[in-house]
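The values are calculated or read from the model by the stated rules, or taken from the named source; none is laboratory data. The structure presented is a predicted model; accordingly, all values stated were derived computationally and were not measured. Quick reminder, even Gly has a Cβ in these numbers, built from the backbone with ideal geometry, and neighbours come from all protein chains shown.
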Amino acid sequence: MGQTLQDLREAILTADDVAALASTRELLAAGVEPRVVLEEGLAAAMLELGRRWNRGEAFLVEVVASADVFRQCGEVVEPVLLARGQKKAGRLVVIGTVHGDLHDLGKNIVGAMLKTVGFEVTDLGRDVSAERFARAVAELKPHLLGLSALLTTTMMEQKVVIEALRDAGLRDRVKVLVGGAPVTAEWAAEIGADAYAANAPQAVEVALGLVGAGGDGR
């Protein structure tokens, strides 16, 4: 029968890039829809890895390794997806690491995963000022804004960004998702964010819940 979606998921979970890429190519060659390969193969594996991480059954190094394999496979699938016109449009997200923080590994994984489930992602990078976030929301009109902070000394900047959105009259126009090592659900509620995610796979689940599978969740 050849490679199956389960084979692909297992290869992603074990960070076996050779097997994962071979499975991806064989599934596409066999006529499996690229959207199915993305959602039921690649994304499903990373969501499962996120659940394992939450249960303490996986470590950061494993998530990083699997995310790299996920990215490689996504690069194989995306051109086929685009060629068949299956890319979901209308779900825009802006992400960035807040001012004073130069960490971007988690943010980069989140961005890659969001693209693979159909979001159009604009990554502002790291050390992004509140004013720049607000300007991006005004100009790009995203459905979702993702704010990453990896240090206790920079997480306050997430609150500054939300206040900047309020001051500019933009807060009600965008959902705000916060995350990062020191960030908690309680902190998200305290600063007025819409949601919190503990890791990249969970961020995808939360983003889909906030925006909706079909596009505009505002």
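Identify, by number, the condition in (1) free of Cβ contacts under 8 Å to residues at least 40 places away in the same chain; (2) in contact with a Cys (Cβ under 9 Å, 6 or more places away or on another chain) that G31 doesn't meet.
(2)
Are any of the residues in segment 118-128 touching a Gly at 6+ places or on another chain (Cβ under 6 Å), of a type in the set (A, V, I, L, M) and assigned to a loop (DSSP other than H, G, I, E, B)?
Taking every residue of segment 118-128 in turn, at least one turns out to be touching a Gly at 6+ places or on another chain (Cβ under 6 Å), of a type in the set (A, V, I, L, M) and assigned to a loop (DSSP other than H, G, I, E, B).
Mind listing just one residue for me: the one in segment 158-170 that is aliphatic (A, V, I, L, M) and in contact (Cβ under 8 Å) with a residue 40 or more places away in the chain and, of those, nearest to V121 (Cα to Cα)?
V161
Within the group A193, A203, A189, A181, which residue is part of a loop (DSSP other than H, G, I, E, B) and touching a strand residue (DSSP E or B) at 6+ places or on another chain (Cβ under 9 Å)?
Numbers: A203 fails: part of a loop (DSSP other than H, G, I, E, B); A189 fails: part of a loop (DSSP other than H, G, I, E, B); A181 fails: touching a strand residue (DSSP E or B) at 6+ places or on another chain (Cβ under 9 Å).
One residue alone meets the criteria, A193.
Report yes if A185 is exposed (fewer than 15 other Cβ atoms within 10 Å of the Cβ) and under 29 Å from E48 (Cβ atoms), otherwise no. Walk me through it before giving the result.
On the way: exposed (fewer than 15 other Cβ atoms within 10 Å of the Cβ): yes; under 29 Å from E48 (Cβ atoms): yes.
In short, yes.
Does segment 133-157 hold any residues that are touching a residue at least 12 places away in the same chain (Cβ under 8 Å), not aliphatic (A, V, I, L, M) and not in a loop (DSSP other than H, G, I, E, B), and which are they? Outline the logic, then answer.
As a first pass, look at segment 133-157 and keep what is touching a residue at least 12 places away in the same chain (Cβ under 8 Å): 133-134, 136-138, 140-155, 157.
In the following step, the residues that additionally are not aliphatic (A, V, I, L, M) were identified as 133, 141-143, 146, 148, 152-154, 157.
Of everything in segment 133-157, those that are touching a residue at least 12 places away in the same chain (Cβ under 8 Å), not aliphatic (A, V, I, L, M) and not in a loop (DSSP other than H, G, I, E, B) turn out to be F133, G146, S148, E157.
Could you grab me the full set of residues in segment 72-93 that are at pLDDT below 85, surrounded by 14 or more Cβ atoms within 10 Å (Cβ to Cβ) and assigned to a helix (DSSP H, G or I)? Show your work before the answer.
Looking only at segment 72-93, we keep the residues that are at pLDDT below 85, and these are 78, 81-90.
Going one step further and asking which of them are surrounded by 14 or more Cβ atoms within 10 Å (Cβ to Cβ), we end up with 78, 81, 86-88.
Selection gives E78, L81.
Results for (1) surrounded by fewer than 23 Cβ atoms within 10 Å (Cβ to Cβ); (2) farther than 26 Å from E75 by Cα; (3) not β-branched (V, I, T), shown as yes or no for each residue.
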site: V121; (1), (2), (3): yes, no, no
site: S129; (1), (2), (3): yes, yes, yes
site: F133; (1), (2), (3): no, yes, yes
site: Q158; (1), (2), (3): no, yes, yes
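Between residues in segment 36-54 that are within 16 Å of D16 (Cβ to Cβ) and residues that are modelled with pLDDT of 85 or more and among the hydroxyl-bearing types (S, T, Y), which pairs lie under 8 Å by C-beta distance while being six or more apart or on different chains?
G41/S23; G41/T24; L42/T24; A45/S66; M46/S66; L49/S66
How about segment 1-62: which helices (runs of 4 or more DSSP H) wholly inside it have at least 3 residues that are within 21 Å of the chain's Cα centre (by Cα) and over 14 Å from Q202 (Cβ atoms)?
Working: elements: 5-13, 17-29, 44-54.
Output list reads 5-13, 17-29.
Can you pull out the residues in segment 94-116 that are of a type in the set (D, E, K, R) and modelled with pLDDT under 80? Before the answer, list the steps.
At the first step, the residues of segment 94-116 found to be of a type in the set (D, E, K, R) are 101, 104, 107, 115.
Within segment 94-116, just K115 meets the criteria.
For A195, work out the one condition from (1) more than 27 Å from R52 (Cβ to Cβ); (2) free of Cβ contacts under 8 Å to residues at least 40 places away in the same chain; (3) of a type outside the set (D, E, K, R) it doesn't fulfil.
Against the list (1) more than 27 Å from R52 (Cβ to Cβ); (2) free of Cβ contacts under 8 Å to residues at least 40 places away in the same chain; (3) of a type outside the set (D, E, K, R), A195 comes up short only on (1).
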